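Novice: This is the structure I have questions about; it appears just below.
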Amino acid sequence: MRYETVIGLEVHVELATDSKIFCSCANRSGDEQNSHVCPACCGMPGMLPVTNKRAVDLGMTAGMMLNCHINRTTTFDKKSYYYPDLPGSYQTTQWFSPVAVNGTVRIETENGPKDIRVKQIHMEEDAGKLVHDTLSNTTLVDFNRTSVPLIEIVSQPDLSSADEVVAYLERLRSLLRFAKVSECRMELGTMRCDVNLSIRPEGSDKLGVRTEMKNMNSISAIRRAIAYEVDRHIDAIENGTEELVQETRRWDDEKGMSFAMRNKETAGDYRYFPDPNVMPIVIDDEWYGRIQGTLPPFPEVKKQQLIDQGLTEYDADLLTQSRVLCDCYDAAFAASGLAKECANWIATNCLSILKKNGQTMDDLEIDGDRLGQLVKLVGDGVVSNANAKKILEVMFEEDVDPKAYAEANDMIVSNDTDAVMDVIRGIVAANEKDANDFRGGNEKAINPLFGKCMKELKGNCAPQQLREMLIACIMEG
Amino acid sequence: MSLLINKAQETAGKPVVLEDLVLTTAMPTTGGSKMLDGYMSLFDAEVVAKLEAAGYGIAGKANIGEFGFDLMGETSYFGACENEAGALVSAASQLLSASEAQAVVGLDVNGVQRRAAAQAGQVCVKPTYGTVSRFGTIAVVCSGEAVCVSANTAAEAQDVLSAIAGHDDKDGTSLPQAVCEKVKTPAELAHKKIALAKSLTAAADEAVKSCIDAFVAFAQDAGFTVEEIDDALLVAARPAWNVLMSSELCNNVSRFDGVKYGYRSANAETIDDLYTNSRTEAFGELLKNTILFGSEMLSEENYMPRYDKSLRMRRVVVEEFARLFGEYDAVLMPACSKMAYTPAEVAADKFLCFKENMFTAPASIAGLPAVVAGGVQLVGPAFSDAALLALAGQFDAASKTPVACEASEEVR
């Protein structure tokens, strides 16, 4: 028999806020354990939650990017369960009135575009991290992540293959990154995905027994987990290898297998109820309009704009992967009018400096307007390419005006050709051997001469012009 | 049997005692529970800062029942308090009687302070919800509990209330400063009419009724009309409150799990054992029963028919009060059914605190100000705290003459 797969996803995304959702601790991962904690996010008695409005902004933004209806009154609820990484023994989440409902995400499939329905997006706080030390057989807990704001995006069971799941995730990632909701990095856990999966005979409209898989932390792990789980379901149905039950399973990527965690009978009752300490959040027209006003165009729309400005598809694609890059480009282009050059400076020079600093594209902090001024200085032949790169390095460290910096540091290309010729003559005279070798047909012999001239001129000469003048001088002699 | 669980080394300023759900860095805060025996908070409650800023000094921590929701402090890990006559009393009211404190500031979770004040002939004000910060109080019933003040006179209670009322950014339910200010000065009681809650009064004994009668006489002398009202909807507050209180309590005390602080069982191999044994060994019987009841009320099966229904009942009570305050300045009712409880009575009915709170639940569930004085309770509209206290103060002064409240003196 032929089967079809029915998949719904629950995607958790950490919101890119400065602070946590109910206290003022920093929302930052990778720092020393328990360095961003306070009595509130450690669940100490006496603390009360104070809602971070920025998290609500981002929850709304995500909802709008995913074509959702925004609930104008949204509330928080308590979900109770015991686990050592949950210090208050309850998680504050949205059960009764989530921030956004009824959206759609359009993906491309081999059969053309397909709309995946989004049931809801709710905000909640993250839990801490347990660190197991096998040597001493102890478990320690790091509360840096408790109360970090999350959204959970719950799809309807509209996905029917691993390819569609990947397309959906990549689309979510692209939209949310572009709207600066989150960096959505699966390898860092800022985007996580649970897969609800069942199979049924092709053409059937009844849903089969559903299992939920957790703990996949890469796209490729998700592909493997889906393939494994589909096989397991089919095997169970066709060969009776096991009885399928509705349960939560943990994916073990090393073993390439999923394992049962808890089933319906052993699952806890979360005893949801409205959190009396968090006042209902009423989103008025002013607030709604403000968030709507900050929405970026869809990435593909922006990409087409960039191509229309003259960028290659490759550059346009790269720039629209990150709103930070894109905003920097827009400002640089506005300041210089040089589309390709600005794209090149960002895609090549800026990214290589970021890479050297161990940073990602979202860490780009330089002023796009000033980058544009720098690109224009190069384009106008006022500053040489080599000197401009040095200025760019400085711009990564401090906020400098490129032109003023070039002037103050003797980096302006000289227009005085007589002075340049004087320098060339001096160098050629002092290096007769290289000059003779060149005259004798050894073209490479010009390189040391060129380098010495450039050094003497402090780089303030257009390379092509210098080369031509140098050749003329040698051949004269 | 201790009144003061912890005593300050020295007290600068007018001495105020805190009931032990109010967190302090200078002394441990126990919540009356073995679970938090010796627990040192990392921060002071907002009311502590406000009291100190106003020139009060924290003299110590008064004993309370475990997490403050019992009848009269009888469930304290540190022992119940009795007076010379063998009646259960609250540590706070004993300290006030002995003039060891000018006022006691506590958390009115389930009306203990109001009952205690009524029985001891003292004054207690449970202010309008949101006018005094709950930051730094051990949460039990967040939706209805309020920091409250008990004192020997209404004037002293008002002074302390004025010192602690005000907006606090650290409490998301704290009202704006301008609104909080309203509890500091009495507004006029414009209707000149007081409603007498008929069946609540009928549920009390003769001694309590004589206090009610005395208030009626006083109010009429002072130019008020007193009318008996049908209070069926106010009586219905109790079962709804018990569901909400138990459910929130169950959730709020779930943080006490033996993992991070407080009591941890030495007898645990697995994490589940650690939770179960720590809580089993450290929690008292009433608390355990209430946790189980609250957990049941929040279960998938009971949420709509029990918890959600109680939330809707809360709205009905709020609307009923609003309707009454369209006509009356306050509702007069008892704060307790009798003037003393014996330890034997409490032992015989371990759920007495879920019955006796019929008098305190209406104001708690609706978040309204309630003032106890001269053995009676007045519940008024939001922000009428100061007006109620002023009226109660006049009555209190009058009722402390030898003639009034004779019967209740006999019982004592």
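Novice: How big, on average over all directions, is the shadow cast by the Cα convex hull of the range A:325-470, in nm²?
Specialist: Mean projected area of the Cα convex hull: 9.7 nm².
Novice: Using Cα springs under 10 Å in a Gaussian network model of chain B, which residue among B:Ala45, B:Ala12, B:Ala266 shows the largest mean-square fluctuation?
Specialist: It is B:Ala266.
Novice: Also, I was wondering about something else. Which one of B:Leu298, B:Ala151, B:Ala101 has its Cα pushed farthest toward the positive end of the charge dipole of the range B:4-411, where Lys and Arg give +1 and Asp and Glu give -1 at the Cβ?
Specialist: The one lying farthest along the dipole's positive direction is B:Leu298.
Novice: To continue, here is another question. Determine the dipole magnitude for the range B:1-133: charges of +1 sit on the beta-carbon of Lys and Arg, -1 on that of Asp and Glu, nothing else is charged, the reference point is the Cα centre, and the result goes in debye to the nearest 20.
Specialist: Details: 8 positive and 14 negative charges, 51 e Å.
For the range B:1-133, the charge dipole is close to 240 debye.
Novice: Now, a different point. May I ask for the equivalent-ellipsoid semi-axes of the range B:248-336, computed as the square root of five times each C-alpha gyration tensor eigenvalue and listed largest first in whole Å?
Specialist: The answer is 39, 16, 10 Å, longest axis first.
Novice: Starting from the Cα gyration tensor of chain A, take the square roots of the eigenvalues, sort them a ≥ b ≥ c, and report rounded, prolate or oblate (rounded when a/c is under 1.5, otherwise prolate if a/b is larger than b/c, else oblate).
Specialist: Values: a/c = 2.50, a/b = 2.09, b/c = 1.19.
Verdict is prolate for chain A.
Novice: Short version: ³J(HN,Hα) in whole Hz for each residue of the range B:113-128, in order, from phi by Karplus 6.51 cos²θ - 1.76 cosθ + 1.60 (θ = phi - 60°), x for Gly and Pro, what are they?
Specialist: 5, 5, 4, 4, 5, 4, 6, 9, x, 10, 10, 9, 10, 9, x, 3
Novice: Calculate, for A:Ile471 and A:Thr294, the FRET efficiency according to 1/(1 + (r/R0)^6) with r their C-beta to C-beta distance and R0 41 Å; round to the nearest 0.05.
Specialist: Details: r = 56 Å, r/R0 = 1.36.
The computed FRET efficiency comes out at 0.15.
Novice: Quick check: net charge around B:Thr185, other residues with Cβ under 13 Å of its Cβ, Lys/Arg +1 and Asp/Glu -1?
Specialist: With Lys, Arg at +1 and Asp, Glu at -1, the neighbours total -2.
Novice: For the range A:26-127, what size does the Cα cloud have along each of its three principal axes, sorted from largest down, in whole Å?
Specialist: Principal axes ranked by extent give 53, 32, 26 Å for the Cα atoms.
Novice: How far apart, in nm, are two points set 7 Å out from the Cα along the Cα-to-Cβ line at B:Thr185 and at A:Glu202?
Specialist: Each label point is offset 7 Å from its Cα along the Cβ direction, giving 8.2 nm.
Novice: Filter the GluC sites (Glu not before Pro) in the range A:1-93 down to the DSSP loop ones having no more than 15 other Cβ atoms within 10 Å, then list what survives.
Specialist: On the way: sites: A:Glu4, A:Glu10, A:Glu14, A:Glu32; in loops: A:Glu32.
When the GluC sites (Glu not before Pro) of the range A:1-93 are filtered for loop state and at most 15 Cβ neighbours within 10 Å, A:Glu32 remain.
Novice: Which order do A:Ile474, B:Ile58 fall in if you start with the one that has the fewest other Cβ atoms within 10 Å?
Specialist: Taking fewest neighbouring Cβ atoms as first place, the list is A:Ile474, B:Ile58.
Novice: Compare the peptides A:384-395, A:113-124 by average per-residue count of other Cβ atoms within 10 angstrom and give them in order, highest first. Before the final figure, lay out the partial values.
Specialist: Values: A:384-395: 18.0, A:113-124: 20.3.
Descending mean neighbour count gives A:113-124, A:384-395.
Novice: Can I ask one more? Seen from all sides and averaged, what is the projected area of the convex hull of the Cα atoms in the protein assembly as shown, in nm²?
Specialist: The orientation-averaged projected area of the Cα hull of the protein assembly as shown comes to 50.7 nm².
Novice: If r is the Cβ-Cβ distance from A:Asn102 to B:Lys193 and R0 is 51 Å, what FRET efficiency results, to the nearest 0.05?
Specialist: That gives a FRET efficiency of 0.50.
Novice: Next question, about the same structure. Over all residues in B:253-261, what is the mean tally of Cβ atoms on other chains that come within 10 Å of each residue's Cβ?
Specialist: Taking all residues of B:253-261 together, the mean is 6.
Novice: At most 16 other Cβ atoms within 10 Å and a DSSP loop assignment: could you name the trypsin sites (Lys or Arg not before Pro) in the range A:1-54 that fit?
Specialist: A:Arg2, A:Arg28
Novice: Mind checking the mean number of beta-carbon atoms from other chains within 10 Å of the Cβ atoms in B:36-48?
Specialist: Mean inter-chain Cβ contacts per residue within 10 Å come to 2.
Novice: Going by a ≥ b ≥ c, the root eigenvalues of the Cα gyration tensor, does the range A:1-81 fall in the rounded group (a/c under 1.5), the prolate group (a/b larger than b/c) or the oblate group?
Specialist: Working: a/c = 2.04, a/b = 1.65, b/c = 1.24.
Judged from the Cα gyration tensor, the range A:1-81 comes out prolate (a/c at least 1.5, a/b above b/c).
Novice: Beyond a 31 Å Cα-Cα separation, which of these cross-linked pairs lie in this structure: B:Lys182/B:Lys288; A:Lys53/B:Lys182; A:Lys355/A:Lys433? Display every interim value, and only then the final one.
Specialist: On the way: B:Lys182/B:Lys288 39 Å; A:Lys53/B:Lys182 28 Å; A:Lys355/A:Lys433 42 Å.
Pairs exceeding the cut-off: B:Lys182/B:Lys288; A:Lys355/A:Lys433.
Novice: Expressed as an acute angle from 0 to 90° and rounded to the nearest 10, what is the orientation of the C-alpha long axis of helix B:285-298 relative to the principal long axis of chain B?
Specialist: The answer is roughly 80 degrees.
Novice: Report, to the nearest 10°, how far helix B:271-282 tilts away from the longest principal axis of the Cα atoms in chain B, using its own Cα long axis and a range of 0 to 90°.
Specialist: For helix B:271-282, the angle is close to 50 degrees.
Novice: Another question about this same structure. Report, in debye and to the nearest 20, how large the dipole of the protein assembly as shown comes out about its Cα centre when Lys and Arg carry +1 and Asp and Glu carry -1 on their Cβ.
Specialist: 260 debye
Novice: Compute the Cα gyration tensor for the range B:169-213, then decide on rounded, prolate or oblate, letting a ≥ b ≥ c be the square roots of its eigenvalues: rounded whenever a/c is under 1.5, prolate when a/b is larger than b/c in the other cases, and oblate in all that remain.
Specialist: Numbers: a/c = 3.60, a/b = 2.03, b/c = 1.77.
Since a/c reaches 1.5 and a/b is larger than b/c, the shape of the range B:169-213 is classed as prolate.
Novice: For the range A:251-397, what does the equivalent ellipsoid look like in terms of its semi-axes, each the square root of 5 times an eigenvalue of the Cα gyration tensor, given largest first in whole Å?
Specialist: 44, 24, 16
Novice: Please report, in debye to the nearest 20, how large the charge dipole of chain B is about its Cα centre when each Lys and Arg carries +1 at its beta carbon and each Asp and Glu carries -1 there. Let's see the in-between values first.
Specialist: Values: 33 positive and 53 negative charges, 88 e Å.
Magnitude of the dipole: close to 420 debye.
Novice: Follow-up question, since we're still on this one. Give the Debye-formula value of log10 I(q)/I(0) at each listed q (0.08, 0.09, 0.16 Å⁻¹), with one equal scatterer per alpha carbon of the range A:3-282, two decimals each.
Specialist: For the range A:3-282, the Cα-only Debye profile gives -0.35, -0.44, -1.37.
Novice: What is chain B's relative contact order, in percent, from Cα pairs under 8 angstrom and six or more apart in sequence?
Specialist: 20 percent
Novice: Further question on the same structure: In which sequence would B:Ser143, B:Ser99, A:Ser19, A:Ser155 go, from the one with the fewest C-beta neighbours within 10 Å to the one with the most? If you can, show how the numbers build up before the last one.
Specialist: Numbers: B:Ser143 21, B:Ser99 9, A:Ser19 18, A:Ser155 24.
So the ranking, lowest neighbour count to highest, is B:Ser99, A:Ser19, B:Ser143, A:Ser155.
Novice: Counting only other residues whose beta carbon sits under 13 Å from that of B:Thr225, what net charge do I get with K and R as +1, D and E as -1?
Specialist: Charge balance in the 13 Å sphere: -3.
Novice: For chain A, calculate the relative contact order in percent as a whole number, restricting contacts to Cα pairs under 8 Å that are 6 or more residues apart.
Specialist: Values: 853 pairs, mean separation 63.7, N = 477.
Result for chain A is 13 percent.
Novice: Where does the range A:417-476 land on the Kirkwood hydrodynamic radius, alpha-carbon pairs, in angstrom?
Specialist: Value: 11.2 Å, from the Cα pair sum.
Novice: What is the calculated FRET efficiency for B:Glu206 to B:Glu84, with r their C-beta to C-beta distance and R₀ = 25 Å, to the nearest 0.05?
Specialist: On the way: r = 23 Å, r/R0 = 0.92.
For B:Glu206 and B:Glu84, the calculated efficiency is 0.60.
Novice: A further question on this structure: With unit charges on the beta carbons (Lys and Arg positive, Asp and Glu negative) and the dipole taken about the Cα centre of the protein assembly as shown, which residue among A:Leu351, B:Ser278, B:Gly13 sits farthest to the positive side?
Specialist: Of the listed residues, the answer is A:Leu351.
Novice: Where does the charge balance sit around A:Asp422 when Lys and Arg score +1, Asp and Glu -1, over other residues with C-beta under 11 Å from its C-beta?
Specialist: Net of charged neighbours comes to -2.
Novice: Give the relative contact order (percent, whole number) for the range A:417-476; include only Cα pairs under 8 Å separated by 6+ residues. Walk me through the numbers on the way to the answer.
Specialist: On the way: 39 pairs, mean separation 24.6, N = 60.
Reported as a whole number, the value is 41 percent.
Novice: If one puts a single equal scatterer on every Cα of chain B and applies the Debye formula without solvent, what log₁₀ I(q)/I(0) results at q = 0.07, 0.09, 0.12 Å⁻¹?
Specialist: Log-scaled intensity ratios, in q order: -0.29, -0.49, -0.90.
Values in this text are rule-based calculations from the coordinates and carry no lab data. Fair warning: this is a prediction, and the values are worked out from it, not measured in the lab. Methodologically, a virtual Cβ is constructed for each residue, glycine included, from the backbone with ideal geometry; neighbour enumeration extends over all protein chains shown.
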